[in-house]
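Any read-out appearing in this document is the output of simple, stated calculations on the displayed coordinates, not a laboratory observation. Just so we're clear, the structure is a prediction, and the values are computed from it rather than from any experiment. Because the Cβ atoms are built from the backbone with ideal geometry, glycine has one as well, and the counts that use them run over all protein chains shown.
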Amino acid sequence: MKIRAIALNTFSSLLHNKLILLFCAGFVCVLLLMMTPLMLAKSMARTMNASQVQGMVLSEVSGIMSLLSGFGSLLAAWAAADAVAGEVKSGTILAVLARPVRRWEFLLGKYLGVQLLMAVYIVCTLIMTYFLAGIGGQSIQSNPLPLVVYPLVRYAVYSAIAMLLVTRLHPVVAFGIVLVIAVVIGMVGPSAGQSSFLPAWLRSGLYFLLPSTGLLSETRFLTITQADLKPVAWSSHAIALAYGLDYALICFLLAAWLFQRRSLSRE
Amino acid sequence: MTTAAIEFHNVSKTYQRRFSEERIEALADVSFEVMPGEVCAFLGPNGAGKTTSISILMGFLFADAGDIRVLGYAPGDVRAKAQIGFLPENFAFYKFLTGPALLRFHMALAGIPGSQADNLIGELLAKVRLHGYESLRIGKYSRGMAQRLGLAQALMTNPQLLVLDEPTSGLDPAGRKEVLDLLTALKSAGKTVFLSSHILPEVEQICDRVVIIDRGRLVRAGPLREMLVSNDRVGIVVDRLPEDVALMAVQRGAAIERGEHGLRISIDAAHKREITELLWNAGCDVISLNPVKSSLEELFLQTVKDHEGAQ
């Protein structure tokens, strides 16, 4: 009951956050901007062959989705950092923790509130994917479940890292570190190959330490341009998702441990 | 033996600035106790360490040394927090919520079932004169309204111990009077109240015990009644005062003023016998002779001044 109340209050609080509202406005702008080329593609359907049009539309949609997925990771990190730091800075945390609420319960409520926001974000993204493809006269045949679960786990990892960092650091610094981590992950993953300037020992060390968001990416088995899922065994999905949840859990437990001994003052 | 509601034993706390060697001693070896059912005023000038002490008491900050017990538990223990009503200094709130929504949120945290919430919210809002503002967002509240809402959330669970940091801050005189009446009612109901305030004449009316700190050190602590009584001076009330006796009294450092029941002579206790005998011999009717009581404000200012002098 306590954790649920904190989670719902956090969700409500995030929906009233000016930065997040700005982000949502940006989201709507992207939607409106992307409608034009897609409508154009639909109008060209009479002059071009069907497969060309399909490829064009789906590659456009895929590009937007990648962009929104990246934004989602940043949103998850910022929301998690701000949800905790904002309460400490404003002092609202004092009245909450004066209630019979343990610190880890407070943190878990905050974390679940952020996940609720990200779930809404994913549903909006998914609706947008189908909507934009529909505008272009195409349809996506893939099962929507992996498109919901994979981003949710990925965002859970990013928000847990941000929450861990913000228990000790300023939210902007915590967010910046998450941003750097996101960039470094791309540089040390197997897809980066040998082109990275980092020495091999550092690359492999970072690869094991940082979360493998490549593994948690739906693009591993889904290519929107082909409008269908690549066949992947259910055990592969389970292992990948369990890995992500495990990483998020460890980060959250570390955050709860650090938060337990943190002084709570407005200064 | 009754367990104290609040126990502070040799509590010390030092702040260290990040990336600096500078250390600020916020509390040094502070000890005091508050017994159940007492109203205790926690006084001190700005920066004395009051809010730090209250934060340690509530488990928001951690003491470097010392032992603290609240209702028999360590600070921050949920069993203690379930019996505490807390009003922080400058109560902060979720601006997007309405008053009833904030109280409902706190009730959920306190484990009060939703079925009881609506009636309780109505009662609380009426008690703090916020009925009629149910649909107004807290962001639109005046400071006084926010403070009254803070009091409502502190009283919500009918707590055994109330910890109030500046409860009358931001309130108009009528609002302050209401808070005092509320605190008097809580005292009558046997609740323990630990409050910090700068409005001493009002605090004096209701508190049983006073704890004064200055620059992180305990300066004085004890029952208010004992602290206000001065052993150095006495007050003699007489029906009339002949000029020659008045002159002698003034020469011995007396202050004379007209009171409700006659003339009041305030004089050093060393001269009380001599002046009283002179008054009797002059045929004056000595109505009363009592030790002089100073006000809490005078006591506080004198205590802080003495402490500063000693430093």
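Once both labels are positioned 7 Å from their Cα atoms along Cα-to-Cβ, the gap between residue B:118 and residue A:44 label points is 6.0 nm. Among B:56, B:213, B:236, the residue with the largest mean-square fluctuation in a Gaussian network model of chain B, with springs joining Cα atoms closer than 10 Å, is B:236.
Using a simple spin-label model with pseudo-atoms 7 Å out from Cα toward Cβ, residue B:293 and residue B:136 lie 3.9 nm apart.
Summing charges over neighbours of residue B:28, with a neighbour being any other residue whose Cβ is under 13 Å away from its Cβ, gives 0 when K and R count +1 and D and E count -1.
Peptides A:148-159, B:137-148 ordered by packing proxy, namely the average of other Cβ atoms within 10 Å per residue, highest first: A:148-159, B:137-148.
Note on segment B:261-311: with charges restricted to the Cβ of Lys and Arg (+1) and Asp and Glu (-1), its dipole about the Cα centre is near 120 debye.
Give me the distance between the Cα centres of segment A:83-141 and segment A:9-66, rounded to whole Å. Measuring centre to centre over Cα atoms gives 21 Å.
Who wins for biggest fluctuation among A:253, A:198, A:245 in a Gaussian network model of chain A, springs between alpha carbons below 10 Å? Between A:253, A:198, A:245, it is A:198 that shows the largest mean-square fluctuation.
Which whole-number percentage describes the relative contact order of segment B:163-270, with Cα contacts under 8 Å and a sequence gap of 6 or more? That works out to 19 percent. Shielding of peptide A:96-109 by partners, expressed as the average count of other chain Cβ atoms within 10 Å per residue Cβ, is 5.
With the helix formula -39500 (n - 2.57) applied to DSSP H stretches of n ≥ 4, chain A reaches a computed 222 nm mean residue ellipticity of -26000 deg cm²/dmol. The peptide list A:9-22, B:151-164, put in order of mean Cβ contacts within 10 Å with the highest first, becomes B:151-164, A:9-22.
Peptide A:253-265 has a mean of 2 when you count, residue by residue, the C-beta atoms of other protein chains within 10 Å of its C-beta. Rounded to the nearest 0.05, the FRET efficiency derived from the C-beta distance between residue B:250 and residue B:306 at R0 = 25 Å is 0.40. Over chain B, dividing the summed -39,500 (n - 2.57) contributions of all DSSP H runs of at least 4 residues by the number of residues returns a 222 nm mean residue ellipticity of -11000 deg cm²/dmol. Taking a ≥ b ≥ c as the square roots of the eigenvalues of the alpha carbon gyration tensor, segment B:10-138 is prolate, as a/c is not under 1.5 and a/b beats b/c.
The residues neighbouring residue B:191, those whose beta-carbon lies less than 13 Å from its own, together hold a net charge of -1 under the Lys/Arg +1, Asp/Glu -1 convention. In percent, how large is the relative contact order of chain B, given Cα pairs closer than 8 Å and 6 or more residues apart? Computed value for chain B: 19 percent relative contact order.
Normalising the average separation of contacting C-alpha pairs (under 8 angstrom, six or more residues apart) by the number of residues puts the relative contact order of segment A:1-147 at 47 percent. Across peptide B:72-85, the average count of Cβ atoms from other chains found within 10 Å of a residue's Cβ is 2. Taking a point 7 Å from the Cα of residue A:4 along the Cα-to-Cβ direction, the residues of segment B:79-122 with backbone N closer than 13 Å to it are B:108-109, B:111-115. Packing-based ranking of B:25-34, B:295-304 yields B:25-34, B:295-304, ordered from highest to lowest mean Cβ neighbour count within 10 Å. Rounded to the nearest 20, the size of the Cβ-charge dipole of the protein assembly as shown about its Cα centre is 2200 debye, with Lys and Arg at +1 and Asp and Glu at -1.
For residue B:79, neighbours were defined as the other residues whose beta-carbon sits under 13 Å from its Cβ, and their charges (Lys and Arg +1, Asp and Glu -1) total +3. For segment A:72-121, the dipole from Cβ point charges (+1 on Lys and Arg, -1 on Asp and Glu) about the Cα centre works out to 160 debye, to the nearest 20. In this label model, residue A:236 and residue B:172 are separated by 7.2 nm, measuring between points 7 Å along each Cα→Cβ vector. With the cut-off at 1.5 for a/c, could you classify segment B:160-218 from its C-alpha gyration tensor as rounded, prolate or oblate? Judged from the Cα gyration tensor, segment B:160-218 comes out oblate (a/c at least 1.5, b/c at or above a/b). Comparing A:97, B:122, A:211 along the charge dipole axis of the protein assembly as shown, the residue lying farthest to the positive side is A:211, per the Cβ-charge model.
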